[in-house]
Amino acid sequence: MLSGRIISRVLLFFFAISLTFPGFSYSQCCSTGSPVGASVYVGVLGKNYLRAIAYYRRSYSDTYYQGAQKTSETVQLSNSSFNFSGVAIAYGVTKRLTIETDAGYYFDKTQNFINPKVPQTKGYGLSNGSVTVKYGAFIKPASQVEITAGAGFRYPFSAKPQVIDGVQLNRDVQPSTNAFGASAMLFLNKGFPAITLRLFSINRYDYNFRDRSDYKYGNILLNSVFVSKKIVKYFFGIIQVRNEWKTNDQDFANPNNYGGDKVINSGFQIVTVSPQLSYSIAGKWNLTVLCDIPVYKYYNGKQMTPQYSFAVSLTRDFYLGGKQPKIDPGIVK
């Protein structure tokens, strides 16, 4: 068992990490925020287990949509992209309670314009930080059933927009929302050990508050369904179907004649299929590669949309409670 002093140090370590790095949540290609990553590992952990996740994501966009149709009429951008690296650390305080903090950094968020006279726009830096608490409301190890609920908050590392060479970057390449946010999540899991199959679902709602400029980014509802199947020893195949719905941004300081405070060219619904392959290294490390393939897009107004995205993640669990129990924490929480 861990002493109270060790637990306190671990919790302080989590919050120190969360104050140093930003969280990764969900967003479209080059909107402000952080991209989804390492989303398979979202259930509660066993008591005294620590899980560390690191990942990298690359996303590229080169197509405008208006509603559900492609458009090239009066568009400005040639393409946009980002490169993002993130980390997450979770700790099982009890067999039902897990605390998690997310982290990440944009190496670049880039926009290239059709007009060659317009220079490339590029932002970089920390995104918003986040802390989440998860509670296993219903856990049945024998039947591999889990229902976990969670809530958390996000915070900016700076309330000021990024300025480079004396010029404030536009919102699409800002690394942070410069505002606070809150989130709620529900995780559902059912395993079928006889056929090495696992079904699970992630449902999450993110709410954004106004920034100092009276601008509010849209709220995001995300629903994902996963099917995981063992292929051969150490290899697992995963298929994710994800639906993301984002409301319009709101600019309270600059209302327009069409939607009032609603920003017309913001908000969307996108359905993505994400095939993934996971490999267990020496039974300790889990390496996962994935590719996001959008299959349905609907955008309010006219917006640049994701063409493709891929990510690589590495995960490992550590037991901090002395002698490790024989039970696999990935099966019995």
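Name the pairs: first residue in region 226-247 and over 22 Å from residue 270 (Cα atoms), second residue β-branched (Val, Ile, Thr), Cβ to Cβ under 7 Å, at least 6 apart or on different chains? Within 7 Å, the pairs are 228/238; 229/196; 230/196; 237/231.
Whether any residue in region 171-181 is closer than 19 Å to residue 45 by Cα, of a type outside the set (Val, Ile, Thr) and either in contact (Cβ under 8 Å) with a residue 40 or more places away in the chain or part of a helix (DSSP H, G or I) (or both) is what I want to check. No, region 171-181 contains no residue that is closer than 19 Å to residue 45 by Cα, of a type outside the set (Val, Ile, Thr) and either in contact (Cβ under 8 Å) with a residue 40 or more places away in the chain or part of a helix (DSSP H, G or I) (or both). Answer yes if at least one residue in region 209-223 is of a type in the set (Asp, Glu), out of contact with any helix residue (DSSP H, G or I) (no Cβ under 6 Å at 6 or more places or on another chain) and surrounded by fewer than 18 Cβ atoms within 10 Å (Cβ to Cβ), and no otherwise. Yes.
Residues that are of a type in the set (Val, Ile, Thr) and at negative phi within region 168-210 comprise 173, 177, 195, 202, listed in sequence order.
The residues on offer are 295, 289, and the sole one that is surrounded by 13 or more Cβ atoms within 10 Å (Cβ to Cβ), farther than 30 Å from residue 140 by Cβ and aliphatic (A, V, I, L, M) is 289. Scanning region 119-134 for residues that are over 18 Å from the mean Cα position of the chain (by Cα) and in contact (Cβ under 8 Å) with a residue 12 or more places away in the chain yields a count of 3. A residue that is under 22 Å from residue 79 (Cα atoms), of a type in the set (A, V, I, L, M) and without any contact (Cβ under 8 Å) to a residue 24 or more places away in the chain occurs nowhere in region 276-283.
Pairs are defined by a Cβ separation below 7 Å, a sequence spacing of at least 6 or placement on different chains, a first member in region 135-158 that is over 17 Å from residue 202 (Cβ atoms), and a second member that is hydrophobic (A, V, I, L, M, F, W, C) and assigned to a strand (DSSP E or B); the pairs so defined are 153/131; 153/182; 157/126.
Of all residues in region 72-84, those satisfying the criterion of being of a type in the set (Ser, Thr, Tyr) and modelled with pLDDT under 95 are 72, 74. The set of residues in region 213-254 that are within 30 Å of residue 277 (Cβ to Cβ), over 19 Å from the mean Cα position of the chain (by Cα) and of a type outside the set (A, V, I, L, M) comprises 228, 229, 230, 233, 234, 235, 236, 237. So for region 44-59 (the condition being among the β-branched types (Val, Ile, Thr), under 27 Å from residue 242 (Cβ atoms) and at pLDDT below 95), does at least one residue qualify? The answer is yes; a qualifying residue exists. As for region 168-182, it holds at least one residue that is surrounded by 16 or more Cβ atoms within 10 Å (Cβ to Cβ), within 22 Å of residue 223 (Cβ to Cβ), modelled with pLDDT of 95 or more and out of contact with any Cys (no Cβ under 9 Å at 6 or more places or on another chain).
The values are calculated or read from the model by the stated rules, or taken from the named source; none is laboratory data. Worth saying up front: this structure is predicted, and the values here are computed from it rather than measured. Reconstructed Cβ throughout: ideal geometry from the backbone, glycine too, with neighbour counts over all protein chains shown.
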